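The values are calculated or read from the model by the stated rules, or taken from the named source; none is laboratory data. Worth saying up front: this structure is predicted, and the values here are computed from it rather than measured. Cβ placement follows ideal geometry from the backbone for every residue including glycine, while neighbour counts extend to all protein chains displayed. When the accessible area is computed, the model is the full protein with side chains, heavy atoms only, and any ligands, DNA or RNA have been set aside. Shrake-Rupley method; radii C 1.70, N 1.55, O 1.52, S 1.80 Å.
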Amino acid sequence: MSEALWSLKWEKGELVLLDQTKLPGNISYIHCRGSREVGEAISRLSVRGAPAIGVAAAYGMVLAFKEIKKEGLSGPSLKDAFHRAARELAAARPTAVNLSWAVREMVHTFDTLPEEEALAGLIERAEAIEREDKALCSAMADHGADLFKGRKNLRILTHCNTGALATAGIGTAFGVIYRLYERGQIERVYADETRPLLQGARLTGTELMENGIPATLITDSMAGWVMKEKKIDAVIVGADRIAANGDAANKVGTYGLSVLCAYHHIPFYITAPFSTFDFSISSGDEISIEERNPEEVRQIRGIYTAPKDMPVFNPAFDVAPHTLITGIITEKGVLTPPYDVTIKNYERSLQL
């Protein structure tokens, strides 16, 4: 895996983020010294991808604690301020469950430690979350690639970005693709450009080329025809939140891919770690879908491609129904229908 691309680093008490909004043309970094800076970076997609958002949020809570201590707060006042910072950070992107999960983990760590041990404990927990994500990515890559044992010349279609730029490791869905490439099984990867912010073109395209993986970029609207004409073997995507019944929220366009796969009889796989599962909700109907700035659709890089006053509907995510998902690739193996049973068993396994 190319070491030239990485999403974030904890360095000298700061969180350093690759500004992904400027890729591929400009490689620049954001040095976050406070939790609000982290929240703003998450909100504007400078850091994105559910796992990377979770890791960034963990370090963001370390920065929140350091800020609050500088203000001279302690005792109940410190606790109130820390919990308030946690709520603010968790609101940066409400659909991505990894964000709220990581914030809760950091709050729990803070609440269980003496004040004088809190900073060291928070840093230790954030670093553990980062290490854990790297290990999870590798495990998911192995389990996903094992689905295709004995097969060659695979043609895989993917959506949005799920690689090293979206995680602390080699990626979720992209990690599976990379492992297949390592094993000599990939003929070609087709990457949706992923409108309106082009994460597939800008980010996945960059990662595919950087790693020498044979790839072709397509517009989102070409996916159905590509499935038919190019004989796609599987679609592998990530997720931002998965309900207890297997419904999976991911970058908008994923729902359409799941429907197209069903029509063309193509396996449709979701790849996600435990932190992406929201066991508290029974279905995707309960997932809050973030709606973003209409300017993202009206213009590209400051150039208007639509009338400036044209009404816009801009959901950041949609939900693939569990009935159209062939399997959910996790760090513990591949979950298959009936998801209400296999996800419940998966949840139990996490508690052991």
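Structure above, values below:
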| item | result |
| --- | --- |
| Volume per residue of the C-alpha convex hull in region 194-352, rounded to whole Å³ | 137 Å³ |
| Separation in nanometres of the label points that stand 7 Å from Cα toward Cβ, at Glu40 and Ala91 | 1.7 nm |
| Among (i) 53, 47, 41; (ii) 65, 53, 39; (iii) 55, 53, 40, the entry derived from the coordinates for Cα extents along the principal axes in Å | (ii) |
| Nearby lysines by direct alpha-carbon distance to Lys332 (threshold 30 angstrom, same-chain neighbours under 8 apart not counted) | Lys9, Lys134, Lys149, Lys152, Lys231, Lys251, Lys344 |
| Separation of the Arg348 and Asp146 label points, Cα + 7 Å toward Cβ, nm | 2.0 nm |
| Lys12, Lys79, Lys70, Lys231, ranked by accessible area, largest first (probe 1.4 Å) | Lys12, Lys70, Lys231, Lys79 |
| Residues with amide H under 5 Å from that of Ile300, placed H, sequence gap 5 or more | Thr305 |
| Accessible carbon and sulfur surface of region 151-201 relative to its total accessible area, %, 1.4 Å | 42 percent |
| Computed magnitude of the charge dipole of the chain (debye, nearest 20; Cβ of K, R +1, Cβ of D, E -1) | 800 debye |
| Folded to 0 to 90 degrees: helix 173-182 orientation relative to the chain principal axis, Cα | 60 degrees |
| Choice from His31, His83, His265 showing the highest fluctuation, given a GNM over the chain with Cα pairs closer than 10 Å | His265 |
| Accessible area of the chain divided out per residue, in Å², using a probe of 1.4 angstrom | 43 Å² |
| Largest-first ordering by accessible area, 1.4 Å probe, given options Leu352, Leu5 | Leu352, Leu5 |
| Whole-percent carbon and sulfur share, accessible surface of region 10-107, 1.4 Å | 49 percent |
| All-pairs alpha carbon distance profile, region 259-352, 10 Å steps from 0, percent | 13, 34, 25, 19, 8, 1 |
| Residue with peak Gaussian network fluctuation, the chain [Cα springs, cutoff 10 Å], from Ile236, Ile53, Ile68 | Ile68 |
| Mean Cα-pair separation over length for the chain, i.e. relative contact order, pairs under 8 Å, 6 or more apart, % | 16 percent |
| Under-5 Å amide H pairs with Phe317, H placed in peptide plane, nonlocal only | Val252, Glu290 |
| Helix 97-111 axis, angle to the chain major axis (alpha carbon atoms, nearest 10°) | 20 degrees |
| In degrees, nearest ten, helix 50-70 long axis to first principal axis of the chain (Cα) | 10 degrees |
